[in-house]
Amino acid sequence: TGGFKAVADRFAAVTEKLGLTKFGAEKDAFDPNIHEAIAHETSADVKETTVIKVLQPGYRLKERVIRVAMVVVADPE
(Lines give C-alpha, C1' and ligand atoms only; values in the text may rest on other atoms or scores of the structure.)
Protein backbone atom coordinates (compact mmCIF):
# COMPACT_ATOMS: atom_id res chain seq x y z
CA THR A 1 0.00 0.00 0.00
CA GLY A 2 1.01 3.60 -0.32
CA GLY A 3 4.54 4.34 -1.52
CA PHE A 4 5.59 0.70 -1.77
CA LYS A 5 2.68 -0.09 -4.09
CA ALA A 6 3.54 2.90 -6.29
CA VAL A 7 7.16 1.71 -6.59
CA ALA A 8 6.08 -1.88 -7.33
CA ASP A 9 3.60 -0.69 -9.98
CA ARG A 10 6.25 1.49 -11.63
CA PHE A 11 8.78 -1.37 -11.56
CA ALA A 12 6.24 -3.71 -13.21
CA ALA A 13 5.49 -1.12 -15.90
CA VAL A 14 9.18 -0.63 -16.71
CA THR A 15 9.90 -4.37 -16.91
CA GLU A 16 6.87 -4.91 -19.17
CA LYS A 17 8.14 -2.20 -21.52
CA LEU A 18 11.45 -4.09 -21.71
CA GLY A 19 9.60 -7.26 -22.71
CA LEU A 20 9.38 -9.17 -19.42
CA THR A 21 6.10 -11.07 -19.12
CA LYS A 22 4.78 -13.44 -16.49
CA PHE A 23 3.06 -16.71 -17.45
CA GLY A 24 1.55 -19.79 -15.90
CA ALA A 25 -2.08 -20.02 -14.89
CA GLU A 26 -4.44 -22.65 -13.59
CA LYS A 27 -6.29 -24.59 -16.30
CA ASP A 28 -3.48 -24.08 -18.85
CA ALA A 29 -2.51 -27.17 -20.81
CA PHE A 30 0.75 -28.57 -19.44
CA ASP A 31 3.74 -27.81 -21.68
CA PRO A 32 7.07 -29.28 -20.49
CA ASN A 33 8.93 -26.53 -22.36
CA ILE A 34 7.55 -23.83 -20.08
CA HIS A 35 6.25 -25.74 -17.02
CA GLU A 36 8.06 -27.80 -14.42
CA ALA A 37 5.69 -30.28 -12.78
CA ILE A 38 6.46 -30.50 -9.07
CA ALA A 39 3.51 -32.76 -8.19
CA HIS A 40 1.15 -34.95 -10.15
CA GLU A 41 -2.47 -35.98 -9.56
CA THR A 42 -5.31 -37.59 -11.49
CA SER A 43 -8.72 -36.03 -12.00
CA ALA A 44 -11.97 -36.83 -13.78
CA ASP A 45 -12.40 -33.09 -14.47
CA VAL A 46 -9.60 -32.83 -17.08
CA LYS A 47 -9.31 -34.23 -20.59
CA GLU A 48 -5.56 -33.64 -21.02
CA THR A 49 -2.64 -32.99 -18.68
CA THR A 50 -3.59 -29.67 -17.11
CA VAL A 51 -2.07 -27.20 -14.64
CA ILE A 52 -4.20 -27.22 -11.48
CA LYS A 53 -2.00 -25.04 -9.25
CA VAL A 54 0.82 -22.58 -9.91
CA LEU A 55 3.46 -22.66 -7.20
CA GLN A 56 5.79 -20.17 -8.87
CA PRO A 57 5.02 -18.23 -12.07
CA GLY A 58 7.34 -18.36 -15.04
CA TYR A 59 8.85 -15.41 -16.90
CA ARG A 60 9.73 -14.65 -20.51
CA LEU A 61 12.00 -11.92 -21.77
CA LYS A 62 10.51 -11.18 -25.18
CA GLU A 63 10.32 -14.71 -26.69
CA ARG A 64 12.94 -16.39 -24.46
CA VAL A 65 11.86 -18.31 -21.35
CA ILE A 66 14.09 -17.16 -18.50
CA ARG A 67 12.30 -19.11 -15.75
CA VAL A 68 9.84 -21.97 -16.16
CA ALA A 69 6.66 -22.02 -14.09
CA MET A 70 6.63 -24.55 -11.22
CA VAL A 71 3.21 -26.20 -11.21
CA VAL A 72 1.04 -29.05 -9.96
CA VAL A 73 -0.58 -30.99 -12.81
CA ALA A 74 -3.51 -33.36 -13.19
CA ASP A 75 -3.90 -36.17 -15.75
CA PRO A 76 -7.24 -37.64 -16.80
CA GLU A 77 -8.25 -40.70 -14.81
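The values are calculated or read from the model by the stated rules, or taken from the named source; none is laboratory data. Quick caveat: nothing in here was measured; it's all calculated off a predicted structure. Every residue, glycine among them, receives a Cβ derived from its backbone with ideal geometry; neighbour counts consider all protein chains shown. Ligands, DNA and RNA are stripped out before the accessible areas are found, and what is left, the full protein with its side chains, is counted by its heavy atoms. Shrake-Rupley method; radii C 1.70, N 1.55, O 1.52, S 1.80 Å.
Here are some residues: Lys22, Lys5. Which one is in contact with a Pro (Cβ under 7 Å, 6 or more places away or on another chain) and among the basic types (Lys, Arg)?
Of the residues listed, the single one that is in contact with a Pro (Cβ under 7 Å, 6 or more places away or on another chain) and among the basic types (Lys, Arg) is Lys22.
Restricting the first residue to the range 6-19 and requiring it to be open to solvent by less than 40 Å² (accessible area, probe 1.4 Å), which pairs with a second residue that is at pLDDT 95 or above meet a Cβ separation below 6 Å and a spacing of at least six or different chains?
Gly19/Leu61
Anything in the range 22-77 that is small (Gly, Ala, Ser) and under 10 Å from the mean Cα position of the chain (by Cα)? List them, or say none.
Gly24, Ala25, Gly58, Ala69
If you check Ala44 against the conditions, is it open to solvent by 60 Å² or more (accessible area, probe 1.4 Å) and of a type in the set (Gly, Ala, Ser)?
Spelling it out, Ala44 is indeed open to solvent by 60 Å² or more (accessible area, probe 1.4 Å) and of a type in the set (Gly, Ala, Ser).
Can you tell me how many residues within the range 57-77 are within 16 Å of His40 (Cα to Cα) and either surrounded by 13 or more Cβ atoms within 10 Å (Cβ to Cβ) or among the aliphatic types (A, V, I, L, M) (or both)?
Result for the range 57-77: 7.
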